[in-house]
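K.L.:
Got a structure here, written out as structure tokens. Questions coming.
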Amino acid sequence: MPHPRLGGRRLLVMERLDGVPLATGQAGLGPAEREEAARAVLQALLEQILLNGVFHADPHPGNIMLLSGGGVALLDYGSVGRLDGALRAALQRLLAALDLADPAGVGDALLELVPRPDEIDERELEREIGRFMARHLVPGIVPDSRMFADLFRLVFAHKLSVPPEVAAVFRALGTIEGTLTGLAPGFDIVKEAREFAGRRLSPPGGREEIRTAVAQEAVRLLPLLRRLPRSVDRIVGAAESGRFSVNVRLFADARDRRHMTGLLHQALLTVLAATAGSWPCCCSTRSAGRG
């Protein structure tokens, strides 16, 4: 923690932390202490990402300290990610959809995090997200590095361009997964993230607090309601970005096409006949003029 009153433009004064780096200090921890330390590290990172919007983007073991008095600390904020309110809200909806095992909700939240491509098969995206969740997010399966690798493959397969700030979130989560796997093997990141969401992203139990939370959620949901159904959202997004086009297939029925073709042939013959019929009149008029 910095102390601005004691520092200046050329001097940074920070709070002294007593402890040892995680990489060297974890050997002296028992299984329960390892799990508690892993939970504390993950909760600190999730709070930074989902609530504060400024987060440590490189949480490897050398940047984590086990404090002498208990607890953990994140060091060396040379790599920092920043998220605006809209991205934090989309990440919260993504986590909520994962908790509900809702592939459609995950797909919607994912498309809020990244620029929507010109063409995307949303149904196929939802199916692949469902398969991804069935492989990695079911009870009894502990997430590992393959989960993040499959997630990246899914994103790139659908040509989704990930903004740098969102990529920093994925990179930080991938790094923390490796860190926590070494600290507490078998630690379930997804389970802990769901419990964190239940504690920190859910409204308190009081009636007034719930009423306030519902009102705030309604305000947050207004943009979503305005964008329903999703097809309308795609049309509006395309129009705003100058990509709006209309492709209409008229006369899908074969009988309608034959009828219209006949009418066009008749019209064409009429025009040709009228044009051809006007030529002799012109010639006769000119001949009469000469006579």
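The values are calculated or read from the model by the stated rules, or taken from the named source; none is laboratory data. Since this is a predicted model, take the numbers as computed values, not measurements. A quick note on method: Cβ atoms are made from the backbone with ideal geometry, for glycine too, and the neighbour counts reach across all protein chains shown. Heads up: the accessible areas ignore ligands, DNA and RNA and are worked out on the full protein's heavy atoms, side chains in. Shrake-Rupley method; radii C 1.70, N 1.55, O 1.52, S 1.80 Å.
K.L.:
Obtain the nm distance between the two label points defined at residue 195 and residue 60 by a simple spin-label model: each point lies 7 Å from its Cα along the Cα-to-C-beta direction.
P.N.:
Reported label-point gap for residue 195 and residue 60 is 2.9 nm.
K.L.:
Which values of log₁₀ I(q)/I(0), to two decimal places, follow from the Debye formula for the stretch 1-87 at q = 0.11 Å⁻¹ with a uniform point scatterer at every Cα?
P.N.:
One equal scatterer on each Cα of the stretch 1-87 leads to -0.37.
K.L.:
For residue 81, what is the net charge nearby, where nearby means another residue's Cβ is under 13 Å from its Cβ and Lys, Arg count +1, Asp, Glu -1?
P.N.:
Net local charge, residue 81 excluded: 0.
K.L.:
Same structure, new question: If you take all C-alpha pairs in the stretch 44-124, what percent of them are over 14 Å apart?
P.N.:
Looking at the stretch 44-124, the distances longer than 14 Å represent 70 percent of pairs.
K.L.:
Treating the stretch 58-102 as a set of equal point scatterers at the Cα positions, no solvent, please give the Debye-formula log₁₀ I(q)/I(0) at q = 0.18, 0.34 Å⁻¹.
P.N.:
-0.77, -1.09
K.L.:
Divide the volume of the convex hull of the Cα atoms of the stretch 16-162 by its number of residues and quote the answer in cubic angstrom per residue.
P.N.:
132
K.L.:
On to the next question. Calculate, for the stretch 1-115, the solvent-accessible area per residue in square angstrom, rolling a 1.4 angstrom probe over the heavy atoms of the protein chains.
P.N.:
55
K.L.:
Also, I was wondering about something else. How are the C-alpha pair distances of the stretch 151-195 spread across 5 Å bins, as whole percents from the shortest bin up?
P.N.:
Histogramming the stretch 151-195 at 5 Å steps yields 5, 19, 21, 23, 17, 12, 4, 0 percent.
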